[in-house]
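**Student:** Sharing a structure with you now.
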Amino acid sequence: MSTPNPVPDAGAFDRLWADLAPVGRDAGSGGYHRFSWTGADTDARAWFTEAAAARGLDVRTDRNGNLWAWWGTPGPGAVATGSHLDSVPDGGAFDGPLGVASALAAVDELRRRGVTPARPLAVVVFVEEEGGRFGVPCLGSRLATGEIAPERARGLTDAAGVTWERAMEEAGLDPLGLGADPDTLGLLDAFVELHVEQGRALADTPHPVGVAGSIWPHGRWRMDFTGRADHAGTTRLADRNDPMPPFAHAILAARSLAEAHDARATVAKAVITPNGTNAIPSLVRAWLDARAADEDALGAVVEGVREAAEKAAREHGVGLAMTNESHTPLVSFAHDLRDRLAAVVAAGSARGEGLPPSTDTGVPVLPTGAGHDAGVLAAHVPTAMLYVRNPTGVSHSPEEWASPDDCHAGVAALADVLQDLLAR
Ligand code: GLV
Ligand code: MN
Ligand code: MN
Ligand code: MN
């Protein structure tokens, strides 16, 4: 392995980041609204395509709309890195884009080091990772791995009732081609996703970069509370079929069950019909996002919410339908690849390569409650992740942050890891 120059070219990352920064950013909040197949998403994809082409990479769109930029001819034994460009509503700048911009900057860094990859390298952008528009997270990677049926994906709708099929078609892609992509995934010997850390796991440590250990099992459940619309002033309490009180019971049950099981349960999205101040609602549609360290705890939280919601719905003469929309089982990243990454990152740190010089080789290995395309791919391809420190500990919010120095450290670490993987 050639000895890397200890000072990576920070400018490469900074230029990529500056070009992408305005795309889909709300001028008021500073948050991002990049939803699949919208104008902002198209602009972000164009940014990627141009940046990759400018680097001489061969950009291809796969059957599911994921973008692959190849350095070298696509073939067996390939290494892939990348993340996503879509956001949650009013999301942060780093969740997803940091992994994509860092991947392109790492290509520049490898070239600067004079590395000629012995294997093909792909930089990938997965579509609809957040499920922010169509509800199912990691849709691009779930389609590619065959973990969601193409018919179901085509029929998913956004808040306005537009199907994935129609949105993809309007973006100029063929939705009839959707489906498992063993031809592309079968080329990969490894996938490495770099991602901003989404809690405080690195914030108070001397480590700008950590390695992923596991992802908690998690999922989304839709709850439809069906009542009867009526007048707020004239309808006696005893005569009401009001879906709001059982909805409130479900929220409080989610909170206390999460506390009891050391889990996470969140109700953050609800649609109230007709949503008038003086009309009892006919329908409350709400989503439960639940995550826990193991499936038993996750099941206990979800079933506990279901029981509490059903009981309250009965008491209020309201109907309840609760359906699972997505589930990701426990992900335990391949230990050999995880340890190899940790060793490479520690060695880079010891050289002072963009990382603070450290004699501490104990690169943190982190479990997380956040979902990632890497978690979906892990069941099909040897997969690992790097996390970049987030000093605010805040994510899915405009306050999400990583310092420029830590972003550069992330690029250096990713370049080291790729250099190592590409050499063998
Ligand atoms: C996606 O970022 C998720 O974990 O919700
Ligand atoms: Mn996210
Ligand atoms: Mn993400
Ligand atoms: Mn995610």
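**Student:** Do we have GLY348 as within 16 Å of ligand 4 (Cβ to nearest atom) and in contact (Cβ under 8 Å) with a residue 40 or more places away in the chain here?
**Tutor:** It is false that GLY348 is within 16 Å of ligand 4 (Cβ to nearest atom) and in contact (Cβ under 8 Å) with a residue 40 or more places away in the chain.
**Student:** Let me ask something additional. Could you please give the count of residues in the stretch 234-246 that are in a helix (DSSP H, G or I), under 19 Å from ASN278 (Cβ atoms) and touching a residue at least 40 places away in the same chain (Cβ under 8 Å)?
**Tutor:** The number of residues fulfilling the criteria is 2.
**Student:** While we're looking at this one, here's another question. Of the numbered conditions (1) touching a Leu at 6+ places or on another chain (Cβ under 6 Å); (2) modelled with pLDDT under 95; (3) not polar (S, T, N, Q), PRO6 fails exactly one; give the number of that condition.
**Tutor:** Here PRO6 meets the rest and fails (1).
**Student:** Quick one: what pairs do we get from the stretch 284-307, first residue more than 17 Å from TRP216 (Cβ to Cβ), second within 16 Å of ligand 2 (Cβ to nearest atom) and at pLDDT 95 or above, C-beta under 7 Å, 6+ apart or different chains?
**Tutor:** ALA286/LYS269; TRP287/ARG220; TRP287/LYS269
**Student:** Of all residues in the stretch 385-424, which are modelled with pLDDT of 95 or more, among the hydrophobic types (A, V, I, L, M, F, W, C) and surrounded by fewer than 17 Cβ atoms within 10 Å (Cβ to Cβ)?
**Tutor:** Scanning the stretch 385-424 gives a single hit, VAL394.
**Student:** Additional query: I'm told THR163 meets every condition in (1) in contact (Cβ under 8 Å) with a residue 12 or more places away in the chain; (2) within 24 Å of HIS327 (Cα to Cα) except one. Can you identify the failing condition by its number?
**Tutor:** Status for THR163: all satisfied but (1).
**Student:** Could you tell me which residue of the stretch 87-102 is farthest from ligand 1 (Cβ to nearest atom), considering only residues that are among the small types (Gly, Ala, Ser) and in a loop (DSSP other than H, G, I, E, B)?
**Tutor:** ALA93
**Student:** Here's another thing I want to ask about it. Restricting to the stretch 65-86, name every residue that is surrounded by fewer than 23 Cβ atoms within 10 Å (Cβ to Cβ), part of a loop (DSSP other than H, G, I, E, B) and not polar (S, T, N, Q).
**Tutor:** Scanning the stretch 65-86 gives GLY72, PRO74, GLY75, PRO76, GLY77.
Table: residues versus (1) touching a helix residue (DSSP H, G or I) at 6+ places or on another chain (Cβ under 9 Å); (2) in contact (Cβ under 8 Å) with a residue 60 or more places away in the chain; (3) not in a loop (DSSP other than H, G, I, E, B).
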residue: GLY28; (1), (2), (3): no, no, no
residue: TRP37; (1), (2), (3): yes, yes, no
residue: THR42; (1), (2), (3): no, yes, yes
residue: ALA51; (1), (2), (3): yes, no, yes
residue: ARG63; (1), (2), (3): yes, yes, no
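**Student:** Does the stretch 76-83 include one or more residues that are without any contact (Cβ under 8 Å) to a residue 60 or more places away in the chain, more than 13 Å from VAL124 (Cα to Cα) and not polar (S, T, N, Q)?
**Tutor:** Looking through the stretch 76-83, none of the residues is without any contact (Cβ under 8 Å) to a residue 60 or more places away in the chain, more than 13 Å from VAL124 (Cα to Cα) and not polar (S, T, N, Q).
**Student:** Filter the stretch 293-313 for residues that are charged (D, E, K, R) and either assigned to a strand (DSSP E or B) or farther than 21 Å from ALA250 by Cα (or both) and give the result.
**Tutor:** Answer for the stretch 293-313, where residues must be charged (D, E, K, R) and either assigned to a strand (DSSP E or B) or farther than 21 Å from ALA250 by Cα (or both): just ASP294.
**Student:** Can you find a residue that is modelled with pLDDT of 95 or more, within 30 Å of ARG228 (Cα to Cα) and among the small types (Gly, Ala, Ser) anywhere in the stretch 293-301?
**Tutor:** The answer is no, given that none of the residues of the stretch 293-301 is modelled with pLDDT of 95 or more, within 30 Å of ARG228 (Cα to Cα) and among the small types (Gly, Ala, Ser).
**Student:** Quick test for you: out of ALA118, ALA106, pick the one residue that is under 27 Å from TRP401 (Cβ atoms), among the small types (Gly, Ala, Ser), more than 16 Å from ligand 1 (Cβ to nearest atom) and touching a helix residue (DSSP H, G or I) at 6+ places or on another chain (Cβ under 8 Å).
**Tutor:** Every option except ALA106 fails the conditions.
**Student:** Sticking with this structure for a sec: Quick one: which of GLU128, GLU147, GLU151, GLU165 is part of a loop (DSSP other than H, G, I, E, B) and surrounded by fewer than 21 Cβ atoms within 10 Å (Cβ to Cβ)?
**Tutor:** GLU147
The values are calculated or read from the model by the stated rules, or taken from the named source; none is laboratory data. Bear in mind that the values here come from a model prediction, so they are computed numbers and not experimental data. Because the Cβ atoms are built from the backbone with ideal geometry, glycine has one as well, and the counts that use them run over all protein chains shown.
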